[in-house]
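Participant: Take this structure, written in structure tokens, and hold onto it; I'll ask about it next.
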Amino acid sequence: MKRSGSESARSGLLLAFAMTAGLQSVATSAGRGDTSVGELLPLHGQDSFTTRLEALALLQSFNADLLSHDSATLTLDRWCETHQLSNPAEIVADRVPSVEKAPTAEQRRILRVSETEPVRYRQVQLRCGGHVLSEAENWYVPSRLTPEMNKALDTTNIPFGRVVQDLHFTRHTLAAKLLWSPLPEGWETGAAPVPSSISSTLQIPAEVLEHRAVLTLPDGTPFSTVIETYTDDVLAFPEPTTPRPEMH
């Protein structure tokens, strides 16, 4: 299931955004580990069809970036740097203390562990400067990590993906869904009415995207399941200093 259809989806989404924002070109570099959405425009101004279309294109482009890379942490690093959310642009994991969640029977099945095999839980908020970009819940099998990795997860705020990157893991997406759609389903065919322009600023809910995934070792052994909830702060980058192009 890894990356199925993500390349074609990415191309289509980037083309749609280029047409919407009036950009002449967008450079893509899927699979090379660098940011592939090029120069993106933040959401400023009134709640209008154009603003909502931009929000939808940005969310889908961000979603495609996550789906086409194995490390969500490194993807957030690049997003933070490209969109100048903080300087330095580095993701920090603020641990949520005193929270424990036992794995479900389904999670144990995915991890291929018995009912008695220890599975640890870690909940963090992934932050870039003052922007909390996501909340991540992670269930992992400590026996499949090194002692140094387990210690770092227990005692530091280093993001999970950065701690275990030496495992050369592969990420398999189980589910990805928008928690907020700027435009109603069927808007492009006229099956649903498009919101008309109003004077207020576009209101974006606190949670906009959710991913569920499993991480596996190079031999295919699963060692972690994760639920990531991405926030409206992924769209909170500063207004550009150059005038935005007009749509015609």
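Participant: Of the residues in the range 176-233, how many are of a type in the set (S, T, N, Q), at pLDDT below 95 and more than 21 Å from CYS80 (Cα to Cα)?
Facilitator: Here the count works out to 8.
Participant: I'm told VAL132 meets every condition in (1) surrounded by 17 or more Cβ atoms within 10 Å (Cβ to Cβ); (2) out of contact with any strand residue (DSSP E or B) (no Cβ under 8 Å at 6 or more places or on another chain) except one. Can you identify the failing condition by its number?
Facilitator: VAL132 satisfies every listed condition except (2).
Participant: Looking only at the range 141-175, filter to residues that are surrounded by 15 or more Cβ atoms within 10 Å (Cβ to Cβ) and charged (D, E, K, R); which one of those is modelled with the highest pLDDT?
Facilitator: ARG144
Participant: Any residue in the range 162-188 that's of a type in the set (Lys, Arg): show its pairings with residues that are loosely packed, with under 15 Cβ neighbours inside 10 Å at Cβ separation under 8 Å, as long as the two are six or more apart or on different chains.
Facilitator: That search, which allows pairs on different chains as well, returns ARG171/LYS2.
Participant: Is it the case, given these coordinates, that GLU210 is part of a helix (DSSP H, G or I) and out of contact with any helix residue (DSSP H, G or I) (no Cβ under 8 Å at 6 or more places or on another chain)?
Facilitator: Judged against the criteria, GLU210 is not a match.
Participant: Which one of VAL99, VAL92 is more than 17 Å from LEU174 (Cβ to Cβ), of a type outside the set (Ser, Thr, Tyr), over 16 Å from the mean Cα position of the chain (by Cα) and modelled with pLDDT under 90?
Facilitator: From the options VAL99, VAL92, the qualifying one is VAL99.
Participant: I need the full set of residues from the range 213-238 which are in a loop (DSSP other than H, G, I, E, B) and either closer than 14 Å to ARG112 by Cα or charged (D, E, K, R) (or both), in order please.
Facilitator: Those that are in a loop (DSSP other than H, G, I, E, B) and either closer than 14 Å to ARG112 by Cα or charged (D, E, K, R) (or both): LEU217, ASP219, GLY220, THR221.
Participant: Scan the range 65-105 for residues that are over 12 Å from ARG127 (Cα atoms), crowded, with 18+ Cβ neighbours inside 10 Å and among the aliphatic types (A, V, I, L, M) and report the count.
Facilitator: Of the residues in the range 65-105, 3 are over 12 Å from ARG127 (Cα atoms), crowded, with 18+ Cβ neighbours inside 10 Å and among the aliphatic types (A, V, I, L, M).
Participant: Continuing with this model, one more query. From the list ARG108, ARG127, exactly one residue is surrounded by 12 or more Cβ atoms within 10 Å (Cβ to Cβ), of a type in the set (Lys, Arg) and under 23 Å from LEU235 (Cα atoms). Which is it?
Facilitator: ARG127
Participant: Kindly establish whether ARG162 is outside any strand (DSSP E or B) and within 23 Å of ILE110 (Cβ to Cβ).
Facilitator: For ARG162, the condition - outside any strand (DSSP E or B) and within 23 Å of ILE110 (Cβ to Cβ) - is met.
Participant: Show the residue pairs that are 6+ apart or on different chains and have beta-carbon atoms under 9 Å apart, the first residue being within the range 111-125 and in contact (Cβ under 8 Å) with a residue 60 or more places away in the chain and of a type in the set (A, V, I, L, M, F, W, C), the second being part of a strand (DSSP E or B) and buried (at least 16 other Cβ atoms within 10 Å of the Cβ).
Facilitator: LEU111/TRP139; LEU111/TYR140; LEU111/VAL214; LEU111/PRO222; LEU111/PHE223; LEU111/SER224; LEU111/THR225
Participant: Follow-up. Among the residues of the range 92-102, are any charged (D, E, K, R), farther than 19 Å from ILE158 by Cα and in contact with a helix residue (DSSP H, G or I) (Cβ under 7 Å, 6 or more places away or on another chain)?
Facilitator: The answer is no, given that none of the residues of the range 92-102 is charged (D, E, K, R), farther than 19 Å from ILE158 by Cα and in contact with a helix residue (DSSP H, G or I) (Cβ under 7 Å, 6 or more places away or on another chain).
The values are calculated or read from the model by the stated rules, or taken from the named source; none is laboratory data. Since the model is a prediction, treat every value here as computed from it, not as a measurement. Here the Cβ is made from the backbone with ideal geometry for all residues, glycine too, and neighbour counts use every protein chain on show.
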